[in-house]
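What follows is one structure encoded as structure tokens, with my remarks underneath.
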Amino acid sequence: MLSKFIQVMSKRHNLEINRSQDKRYAGCELNQAISVCLLVLCLPIILVNTLLALIQNKSVLQPVQQKDCLKRVVEYYHFSSGVMKNIAVLEAVFSKRISLCGMPMNIELTRKNRAVLSCYSYIPAGLFDAITIHESSGLHTVNKVVLLKNQFEGTRTSYLKLLVRGVLSQLIFHGQNLHLKCPTVFYLFGLKIHNDSMADAINWVMTKPLEMTIKQGCKVGFFINVNSVNLAHKNPQFKAHLSQADHCFSDGLGMRIAARKIGVQLKDNVNGTDMLPYLCKAAVAKGLSIYLLGGKPSIAKATAQNLCQQYPGLRIAGSEHGYFEVNSSLKVIEKINESQADILLVAMGSPSQEKWLIQHADLIKCRTALAVGGLFDFYSGRISRAPLWLRELGMEWIWRLIQEPKAKFTRYIIGNPLFLFRTFILNQAS
């Protein structure tokens, strides 16, 4: 009798622990309510799928088994026939085996990260999670554990926001990994693109050019985005300059969409704004220096000051605004070379910055020069970056348009639809 009493009390204790843990996760109370509503809405589809399976003499449901990031086995069902077969997973959500937003599935974490997240083991695997949403648009995740901790410790409102972002991300990037190749180099709109991860890109920037190469000057890297493609279409000389670069990175949602159209999966969204923090950290670690050239007067200087504050030990070899006369280029290059800078960032806007670099790269003694557009505006504090959730959806351009409607109207309101027209109607991407 005593042993039975102890067992009963133990079960009650465990049940209360589970209930208290459920209350700690904001989504637990929302999962069942949302899943019931969705199941009711999808009832006609459920009935049709069931009927089709019975007619075809199949099992109505097929078991699916995966593992979450804590290596736990996750089991749920899909319909064997019909449409929207994966809506059967809502049954697992209703029964609390799966959460709408929870632990990531099919994502590898290090043993150390799994140990850190073990305190959240009461949270089940989720259909959506902060890491997958963050990486869907090609953003490089700085710290996966931080993203998940913010998710798990959020409020009901933040849980609902994450769910909405997950649905939108699924609609925008659905099927991006299906039947797509991931080549190291490919051509898009006639431009040679290097399909790099952010780590690959940083490694290329930091590496010295080989002494045996024919080219005597520095390596030149460009970030190719929707605006670059539109400019190259109407400016053959600009397209020629892009083609002469040593390395071209793919920047932005538009390029990801166009690459997917020709069957290519991009590794990361390698843009200058996201790259700079990694570049600064790598420069500090390797003792390399950076020179800032471009922007309005005082912008480059403000950028240098802010970067030095954010990254202690960073060496800024010099800074210079971009509003100098063309005939003063040699003097500017002389200052850059005298500074013995290792990396040169040129922010003059397209197509001026690309033209200037191609014309003068053989005179510049830095190991790498990058054309970075409006990068200094962000890091000087003149313009704020879009909220993370907007960047995760590939919609940072909306934020830029709101901040500078006149300056960015043609680029985004006219340029973006034009790019999509060239991609899907004229099939110029291939």
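Where a number appears in this text, it was derived from the coordinates with a stated rule and is not lab data. Remember, it's a predicted structure, so these values are computed and weren't measured experimentally. Note that each Cβ is placed from the backbone with ideal geometry, even for glycine, and that neighbours are counted across all protein chains shown.
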Interchain or long-range residues, amide H under 5 Å from Q265's placed H
K181, C182
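Evaluate the relative contact order of the stretch 185-425 (contact order divided by residue number), counting alpha-carbon pairs under 8 angstrom at least 6 apart; express in whole percent.
Details: 388 pairs, mean separation 57.6, N = 241.
Relative contact order for the stretch 185-425 comes out at 24 percent.
Pop the C-beta distance of K286 and I55 into the FRET formula with R0 = 51 Å and round what comes out to the nearest 0.05. Write out the running numbers ahead of the final one.
Numbers: r = 66 Å, r/R0 = 1.29.
That gives a FRET efficiency of 0.20.
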Counting only residues 5 or more places away or on other chains, whose amide H sits under 5 Å from the amide H of G294 once H atoms are built in the peptide plane?
E320, H321, G322, A347
Hits among lysines - C-alpha to C-alpha of K112 under 18 Å, sequence gap 8 or more where chains match:
K67, K71, K144, K149
Could you go through the stretch 376-392 in sequence order and give the Karplus-derived ³J(HN,Hα) for each residue, using 6.51 cos²θ - 1.76 cosθ + 1.60 with θ = phi - 60°, rounded to whole Hz, and x for Gly and Pro?
5, 4, 6, 7, 7, x, 5, 10, 8, 7, 5, x, 4, 5, 6, 5, 5
Table column - 3J(HN,Hα) (Hz), the stretch 103-116, Karplus curve with 6.51, -1.76, 1.60, x for Gly and Pro
5, x, 10, 6, 10, 8, 10, 5, 4, 4, 5, 5, 5, 5
Name the residues whose placed amide hydrogens come within less than 5 Å of the amide hydrogen of R315, ignoring near sequence neighbours (fewer than 5 apart) on the same chain.
I290
Compute log10 of I(q)/I(0) for the chain with the Debye formula, placing one identical point scatterer on every Cα and leaving out solvent, at q = 0.11, 0.13 Å⁻¹, to two decimals.
-0.94, -1.19
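Given the peptides 416-422, 146-152, arrange them by the average over their residues of other C-beta atoms within 10 Å, most packed first. Mind dumping the intermediate values first?
Working: 416-422: 15.7, 146-152: 18.7.
Highest to lowest by the protection proxy: 146-152, 416-422.
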Assuming a ≥ b ≥ c are the square roots of the Cα gyration tensor eigenvalues, decide whether the stretch 282-430 counts as rounded (a/c under 1.5), prolate (otherwise, with a/b larger than b/c) or oblate.
prolate
What ³J(HN,Hα) values, in whole Hz, does the Karplus curve 6.51 cos²θ - 1.76 cosθ + 1.60 give for the stretch 31-45 when θ = phi - 60°, with x put for Gly and Pro?
4, 5, 4, 5, 5, 5, 4, 5, 5, 5, 4, 8, 4, x, 5
Taking every DSSP beta bridge with both residues inside the chain, roughly what % is antiparallel (nearest 5)?
30 percent
